[in-house]
Amino acid sequence: MSRRFLDTESPGWVADGLISEAQRQQLLARYPQQAPALGLLPILGSVLVGLSGLSVVAANWQGLPAALRLALLLGSLVGSYAAGSYFLRRGNPDLGHGLIGLGLILFGASIILTSQLYQLVGYDASGLLAWVVAGVGLSYVYGSRLLVLLTVLIGAAVQTYCVESLGIFSYVTAWLVVGGLGYYWWRRPDVVGSYVLAAGLLWQAGLLIIALHAKITWFFVPAMLIYAAGDWQPNRLGGRALQVPPLVAAYLFMFGLAVFGEADAYANVLRPPLLPYLGALVAVLAISVAGKRARGTLATLPEWLLLLPGFYLSGGLSLAVATLVVLYAHAGSVLARANRDHDSDQLTIGAVLFVAATAVAYFKLTWGFMDKSLFFLIGGILLLALSWYLRRRNAQVLAAAAPAVAQQAGAPALAADNSEAPEATRNS
Amino acid sequence: MTDLLSWFSAPARRRPLLRTLVAAQVLYVLGVAGAGYATTALGKRVVLATTPIDPRDLLYGDFVRLRYAIGENPLSRWHGPEAPKRRQSVFVLLATGSDSLSTAVGVYPQAPTPSVGQAVLRGWVTDVYPASFNLRFNLERYYVPEGSGLRLEKAGRLHPLRVRVSIAPWGQARITNVEAEPAKK
């Protein structure tokens, strides 16, 4: 809540008798006027000066003697670490961590530019591996989210370089990200960090599949291992956040199968040997179920529906129907869980999934043999009806949730109902 | 067991750990520079010929683009159990000829043992054709010292260039010099 909001709204609260004038003053004192943003000006100024210096150096880089270039790189490296450490001690963690992150970036730039300086070609990842090691080390020492994000990005960049330019997969880089940052996540799960880490790990898994020339469906074994790790995480929010990227990947794949799967042309690309693939997937499922049971989140088990290997069916109508049934079952399970937990966000997601599945089903099953204007008319009516129904369900669930919350807060449920009913009609 | 993260982030250890990390990074960058000098000093020297490429593209920013004669090989030079695949990393066995230029003798999936007068350069398969395949060596760019680029560009239009490459025993390689081939009259 911003201070300006408090300033403009609070006199009305006093007038309505919600709070007394004394309480208003207490609230205002609790959220003091923030210092004007003038502190930004010196930072902006120094950024501009820094940029001008950088452009002078960049323009003359090739002309500078080698020793001077090396000295410049190392000087700015040490300088930004020292400045970061200084600002951290002064109690300015944002700037401090930012400068240490800059030092980490300069380290990578120094490795690359020094190799270029000596026209040196390396044939494995060892040159850039040190970059990832430094990132993990700094993340541990400073426990800063920014440094963790940077290290995930650096790990992804180094691995991409290895696979694309050197034709090898650097297992050491992958293990540094999995082990080093995975352990960090296990101890300090944080929502944004979990999203980024999961996305970075999926990137590594995808590159591994590319480097091994394996069938792309093998991707889901490591992806679901990440998901299973989220099941074991004691911190619910962090664990859940780690599961979102693998789930999105699995959903998109199933969705793609429902839309494009009827031609059998993909058979060679998608179908790994049945028994090893299913064995690996079931093993991961077992880990995930054990985690869900240990943490009491078995209700999320239907998410595994998305991993049903429908691509083993021969293409055509059977596959289209099977994937649609799975998409509906998944959307239904999300809606059911959201209803039970009175979770409006989940409800919205479930509704979107449901509408998406309906759209695909309609498109797949009727496009071929229906007059096009009729097709769009019925499709539009179908979606309108569906959205009306889902919104009604949503409103009912929220209305059911509101009295429960009000009761918990100690207010009589009836009063809450009465005060909300006219409000609702007025809004609609 | 004490938590690894708390051990690392304890305030008392923060400064010494940061100093260690920064010192290690500085030493590492110096090590990369040292590897550059060591590759020149200790490496095997080979001279490679380039084939002319589109002259408009030759000088590209700060570097000259080079295309090596050893980069194009007939499939008969391939010594592997399976056909070469794109992006595969390979080893090129080089032999020095009478005109001091090195040419490719064979291309191997595993490192061959060079005899006297031979050297091994690593490369990657870029394209595979029915009867031949192309390689790259990550040596395709030569960052020209200030002002000398134009001279090379003019030379490259008329004659192939000669590129001196040092190959270190531990596998790194660097270009030490690029010059115009002596004109044949």
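Helix by helix through chain A, keep the DSSP H runs that span 15 Å or more along the axis on Cα and average at least 1.0 on Kyte-Doolittle, and give those back in order.
Membrane-span-like by this rule: A:40-60, A:66-89, A:93-117, A:126-142, A:145-161, A:191-212, A:220-232, A:236-260, A:274-295, A:344-366.
Rank-order A:54-63, A:195-204 by packing density, defined as the average count of other C-beta atoms within 10 Å over each peptide's residues, highest first.
A:195-204, A:54-63
GNM on chain A, C-alpha springs below 10 Å: top fluctuator among A:142, A:362, A:31?
Of A:142, A:362, A:31, the Gaussian network model singles out A:31 as fluctuating most.
Under 25 °C and 0.890 mPa s, how fast does the protein assembly as shown diffuse according to Stokes-Einstein, given a Kirkwood radius computed over C-alpha pairs? Answer in µm²/s, whole number.
It diffuses with D of about 82 µm²/s by this estimate.
Divide by every residue of chain A the summed helix terms, -39500 (n - 2.57) for each DSSP H run of at least 4, and state the resulting mean residue ellipticity at 222 nm, rounded to the nearest 500 deg cm²/dmol.
Rounded to the nearest 500, it is -25500 deg cm²/dmol.
Sorted from fewest to most neighbouring beta carbons within 10 Å, what does the list A:342, A:97, A:330, A:213 look like?
By the 10 Å Cβ count, ascending: A:213, A:342, A:97, A:330.
Which distance in nm do the two modelled labels at residue A:67 and residue A:274 give, with both placed 7 Å along the Cα-to-Cβ direction?
About 7.2 nm separates the two model spin labels.
Work out how much length residue B:72 to residue B:20 would gain on full extension: take 0.36 nm times their residue separation and subtract the Cα-Cα distance, in nm to one decimal.
Net length gain for the segment: 14.0 nm.
How many Lys pairs in the protein assembly as shown lie less than 24 angstrom apart by Cα atoms, where the lysines are 8 or more positions apart or on different chains?
So the count works out to 4.
Could you estimate the translational diffusion coefficient of the range A:64-119 from the Stokes-Einstein equation, with Rh from the Kirkwood formula over C-alpha pairs, at 25 °C and 0.890 mPa s, in whole µm²/s?
Roughly 210 µm²/s, to the nearest whole number.
With a cut-off of 8 Å between alpha carbons and a minimum separation of six or more residues, what is the relative contact order of the range A:297-394 in percent?
Computed over the range A:297-394, the figure is 22 percent.
What residue among A:145, A:295, A:89 shows peak mean-square fluctuation when chain A is described by a Gaussian network model with Cα springs under 10 Å?
Of the options given, A:89 has the highest mean-square fluctuation.
Expressed in nm², what is the orientationally averaged projection area of the convex hull enclosing the Cα positions of the range A:246-350?
Mean projected area of the Cα convex hull: 7.1 nm².
State, in angstrom, two size descriptors of the range A:122-213 derived from its alpha carbons: Rg to one decimal place and Dmax to the nearest whole number.
12.5, 38
Throughout, read-outs are computed from the coordinates displayed, never taken from laboratory work. Every value quoted in this text rests on a predicted model; they were computed, and no experiment measured them. When we count neighbours, we look across all protein chains shown, and the Cβ atoms used for this are built from the backbone with ideal geometry, even at glycine.
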